[in-house]
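Each remark here refers to the structure printed beneath this line.
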Amino acid sequence: MDDHVEVVFHHGGRFESNGSLQYVGQFSILACDLDRWSYFEILGILREMGYANVKEMWYAMGGGSFLEGRLELLSDDRGACHMVNIATLNGQVHLYVVHKVDEAEVVNLLEYHLVVEEGDVQGDSGGNIEGDVREGVQVQNEDDGGEVQWAV
């Protein structure tokens with residue numbers, strides 16, 4: 001018996017029913033170590049693939065392209081062992097990942113002031129200020145003709 005099992009991870013998509021149930025998304029084929037194969041190993045592999053927020057995992061019972069009536073929910077090590085048996089019989093097993101889509105995180109930029117020493121400041125009409133950074137003096141660029149004001 002081989003010490004690896006071939007798993008086809010279907011990910012980054014969703015199940016759709018257009019007359020027949022199918023998974024629309026990407027897939028990756030991995031040779032997984034049987035000594036480490038478990039429910040939590042599968043979650044770790046998915047985390048490495050970028051899926052930290054997995055909602056459900058389903059595996060296909062037997063080969064073929066039709067999924068209806070052939071999917072089994074993967075929820076524990078018992079299902080992971082069943083996947084090994086399927087892969088042994090068919091040469092590979094298909095795992096379908098249903099994951100939550102994360103909300104975009106909005107990051108507001110903070111306003112900052114450039115701190116420079118008074119004698120080393122050079123500026124241009126575009127509002128760009130060059131100089132050596134020092135502690136103690138803040139520069140605020142005003143939009144009224146490029147005038148620079150100093151605050152200590």
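Using Cβ point charges alone (K and R +1, D and E -1), the dipole size of the stretch 4-99 about the Cα centre works out to roughly 180 debye.
Near the amide H of L71, within less than 5 Å, lie the amide hydrogens of M61, all on another chain or at least 5 residues away, with H placed in the peptide plane. Among the GluC sites (Glu not before Pro) within the stretch 22-89, those in coil by DSSP and having at most 11 neighbouring Cβ atoms inside 10 Å are E68.
By counting other Cβ atoms within 10 Å of each Cβ, how are I42, I86, I29 ranked from fewest to most?
The most exposed by this proxy come first: I29, I86, I42.
None of the figures in this text is laboratory data; all of them are computed from the coordinates on show. Remember, predicted model here, so these are calculated numbers, not experimental data. Ideal geometry is used to build each Cβ from the backbone, glycine not excepted, and the neighbour counts take in all protein chains shown.
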